[in-house]
Amino acid sequence: MDIIIDEIIRSRRKTIALQVSHDARLIVRVPYNTSEKLIRKVIYEKRFWILKKQEEAKGKYKKVYSKEFVNGERFLFLGNSYELYIVDDFELSLIFNNELFFLSKKNLNKAKESFIKWYKEQAYKNFSERVAIYSKISGITYNKLKITNARKRWGSCSVKGNLNFTWRLIMAPLQVIDYVIVHELVHIKEKNHSKNFWNNVRIILPYYETQKKWLKENGHLLIL
Ligand SMILES: [Zn+2]
């Protein structure tokens with residue numbers, strides 16, 4: 001059986017550790033000088049454990065990832081989840097009243113598109129406001145704000161000082177959104193992840209590490 005290694009992370013650690021991520025990727029952490037041969041050997045020895053973990057992850061992954069757009073199903077917005085209510089006679093495709101999502105029965109075949117469109121609109125509106133606030137606080141100016149479809153990349157910034165954020169981020173709590181925004185804003189000034197970069201982030205958000213951790217642990221849930 002052939003097991004694919006998705007990522008090898010070399011560091012100053014002393015032992016080899018295997019990790020199966022939420023989306024069933026195999027991540028191998030090894031000391032700097034570990035040979036390819038030794039990594040293969042460890043993986044071979046642990047192959048049944050890896051496959052079992054990957055099967056489990058795929059099962060959970062599917063449950064989280066495939067929305068059915070039925071009554072009572074919950075959808076995330078700014079860190080909270082809200083129930084969906086399907087209504088019969090309804091002209092608009094999707095409405096949110098701060099308590100429930102209402103989706104027209106007529107538009108059920110376009111349910112996913114309706115949600116994405118709504119999330120994108122909300123993302124643009126909310127992120128614009130937050131970016132403006134943090135631009136003022138930090139004194140860092142930016143060019144344009146764009147909402148992307150990225151799956152894994154929460155945000156990025158371009159050489160021209162444009163900021164990009166995925167609409168999926170609007171499902172996260174506001175503090176987490178703020179962290180991603182500040183992270184990218186500081187990147188306009190500082191392109192790398194140097195000590196100075198993190199210091200600049202910390203000046204604006206002293207507790208950013210909590211949000212960073214949240215994103216790492218829960219980011220896989222921010223999906224439609
Ligand atoms: Zn970065």
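The values are calculated or read from the model by the stated rules, or taken from the named source; none is laboratory data. These numbers come from a predicted model, not from an experiment. Cβ: placed from backbone, ideal geometry, glycine included. Neighbour counts: every protein chain shown.
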- request: With a cut-off of at least 2 residues that are surrounded by 13 or more Cβ atoms within 10 Å (Cβ to Cβ) and either within 29 Å of the chain's Cα centre (by Cα) or at pLDDT below 90 (or both), name the strands (runs of 3 or more DSSP E) lying wholly within the range 1-50.
  value: 17-20, 26-31
message: I need every pair where a residue in the range 43-63 that is hydroxyl-bearing (Ser, Thr, Tyr) has its Cβ under 9 Å from the Cβ of a residue that is part of a helix (DSSP H, G or I) and surrounded by 11 or more Cβ atoms within 10 Å (Cβ to Cβ), sequence separation at least 6 or different chains.
response: TYR61/HIS220
statement: Selection from the range 167-202 of residues of a type in the set (A, V, I, L, M), over 30 Å from GLU73 (Cα atoms) and touching a residue at least 40 places away in the same chain (Cβ under 8 Å) yields VAL182, LEU185, VAL186, ILE188
task: Might you check whether a residue that is of a type in the set (Phe, Trp, Tyr) and away from the ligand (no atom under 13 Å from the Cβ) occurs anywhere in the range 155-177?
output: yes
- line: Filter the range 179-199 for residues that are closer than 20 Å to PHE127 by Cα and over 15 Å from the mean Cα position of the chain (by Cα); the one that is nearest to the ligand (Cβ to nearest atom) is HIS187
- request: Give the residue that is nearest to GLY219 (Cα to Cα), with candidates limited to residues of the range 112-150 that are free of Cβ contacts under 8 Å to residues at least 40 places away in the same chain and under 15 Å from the mean Cα position of the chain (by Cα).
  value: ALA150
query: Of all the residues that make up the range 83-96, how many are within 16 Å of ILE116 (Cβ to Cβ) and at pLDDT 90 or above?
result: 4
- request: Scan the range 96-133 for residues that are of a type in the set (S, T, N, Q) and more than 16 Å from TRP154 (Cα to Cα) and jot them down.
  value: ASN97, ASN98, SER104, ASN107, ASN109, SER114
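Results for (1) surrounded by fewer than 14 Cβ atoms within 10 Å (Cβ to Cβ); (2) under 13 Å from ILE140 (Cβ atoms); (3) out of contact with any strand residue (DSSP E or B) (no Cβ under 9 Å at 6 or more places or on another chain), shown as yes or no for each residue.
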| site | (1), (2), (3) |
| --- | --- |
| CYS157 | no, yes, no |
| LEU163 | no, yes, no |
| TYR179 | no, no, yes |
| VAL182 | no, yes, yes |
| LEU185 | no, yes, no |
| LYS195 | yes, no, yes |
| ASN199 | yes, no, yes |
| LEU205 | no, no, yes |
| LEU215 | no, no, yes |
- request: Being among the small types (Gly, Ala, Ser) and closer than 25 Å to LEU215 by Cβ is the filter here, so list the residues in the range 1-53 that pass it.
  value: SER11, ALA17, SER21, ALA24
message: Please verify whether ASN143 is more than 29 Å from PHE69 (Cα to Cα), surrounded by fewer than 15 Cβ atoms within 10 Å (Cβ to Cβ) and either acidic (Asp, Glu) or not assigned by TED's automatic domain parsing to the domain that holds LEU84 (or both), treating the condition exactly as stated.
response: yes
